[in-house]
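Everything below concerns the one structure shown next.
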Ligand code: BG6
């Protein structure tokens, strides 16, 4: 099967992991800006943001990121050399509204104007996430984040400004990055700083409802703005397999998949699935839904399903499992004995991508868009200055093959965006040394390094993949 010529090969980054310039030109703080690096306690701070809000750490990796804010021209020139056709980034909400509300910040808007012009100069399609784990910190402090319904109108005002300013330059929009992650990392997903004594599920599902309503209204706004825009939802995907054929394991996997799909059910089908009542009941959630919410959800489904895929997941209750788990980056999963695993706990499963794509397409019959897939690895610079990341080539090759197999199966897919085209700060661990890019950035976990960019071996390989429209994979 030949991939169509308008297939969007490309790469993805997120503002808060690459831009740096964390207070420059009027930007306000984002959640990532108060989180330290791994060795200074990032995990604890991520899950207990109340602590991060008051504590002072010695080093914050997002403050300089990879300095994309000042180096985006150089970086996009490299990406043009790589041949990418689509570049996904996010807009930092706190760059546009430093306090989350009030007047928009012209300097912030200008930065993205210039960035998207630069993309267009190279015929790269910008794919823009409106909120990628970065609800302005001011909104956490003042309103408690997305738990508060006030966030819907503040987000919509932000969307209104973005669509007015960039509606002619950006065709592909994503309302929220990995919307289902709010149930796993509420601070990232919803700007929620939940206290230990509170009912986390009540807060999280209420916040999620507000995001779902906001997302639907953003779709409506984009469709009515006079440009031909496509708006997608975005899922942290990866099907849960049952650990065994024990029906209890199978049921466990069904439940875990429902927890994930629930968000996309709403964003695509326009209503909550029936099983959500069980979830809310089990978690003692009593959702506050206003008149009109159901109609908003029903009338404004998304145009496509964007998703990230790093790994499949595994669920089960069998005693044989002996408590073996793989970290899986915030979504906890059992250890699958059939899969290799990275030092960061991600199991490697290209076939899982084919399975996930078939699952998603069978379920929703909407075009899919892979907007994140990649391998976090500790690359090494050789004495001759090269970076020989054959493992990344192998990972990406196998996943592209799996994607092509899914497309042979009949799945419609708009594009493949590698995470990330350039090394950046890891969201989960704050590390630089967990590298995902085809372009190496000389910066380490402690903030040392020249910030020089070096093309890795995978750069030339991916360039050929794109040039051949996915034919040349070896
Ligand atoms: C996705 C996020 O979940 O995974 C990205 O959308 C993130 O922001 C990526 O960077 C990889 O995870 P990590 O924690 O290794 O950076």
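Laid out as a table, the results:
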{"quantity": "Net lengthening on full extension, residue 245/residue 122 (0.36 nm per residue, minus Cα-Cα)", "calculated": "39.2 nm"}
{"quantity": "Zone residues, segment 195-226, relative to residue 299, backbone N less than 16 Å from point 7 Å out along Cα-to-Cβ", "calculated": "213-225"}
{"quantity": "Label-to-label distance, nm, for residues given as residue 394 and residue 332 (7 Å Cα→Cβ offset)", "calculated": "3.1"}
{"quantity": "Alpha-carbon centroids, segment 393-444 and segment 1-71: separation in whole Å", "calculated": "17"}
{"quantity": "Residue 288 paired with residue 380, simple spin-label distance in nm, labels 7 Å along Cα-to-beta-carbon", "calculated": "5.6"}
{"quantity": "Value of [θ]222 nm, deg cm²/dmol, for the chain, DSSP H segments ≥ 4, -39500 (n - 2.57) each, nearest 500", "calculated": "-11500 deg cm²/dmol"}
{"quantity": "Rg over Rh, two decimals, the chain (C-alpha only, Kirkwood Rh)", "calculated": "0.93"}
{"quantity": "Protection-proxy order for peptides 205-214, 438-447, each taking the mean of Cβ atoms within 10 Å per residue, highest first", "calculated": "205-214, 438-447"}
{"quantity": "Bridge type composition, the chain - antiparallel percent by DSSP, nearest 5", "calculated": "20"}
{"quantity": "5 Å-binned pair-distance histogram of segment 177-309 (Cα, whole percent)", "calculated": "2, 10, 18, 22, 20, 15, 8, 4, 1, 1, 0"}
{"quantity": "Segment 132-218: relative contact order in percent, alpha carbon pairs under 8 Å with at least 6 residues between", "calculated": "46"}
{"quantity": "Added length on full extension, which subtracts the Cα-Cα distance from 0.36 nm per residue, residue 281 to residue 141", "calculated": "47.5 nm"}
{"quantity": "Estimated distance in nm for a label pair at residue 39 and residue 271, the labels positioned 7 Å out from Cα along Cα-to-Cβ", "calculated": "5.5"}
{"quantity": "FRET efficiency for residue 446 and residue 198, using Cβ-Cβ distance with R0 set to 25 Å, rounded to 0.05", "calculated": "0.10"}
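Read-outs: derived from the displayed coordinates by stated rules, not from any lab. The model shown is predicted, which means the values in this text are computed figures rather than measured ones. As a convention, Cβ positions derive from the backbone with ideal geometry for all residues, glycine included, and neighbour counts pool all protein chains shown.
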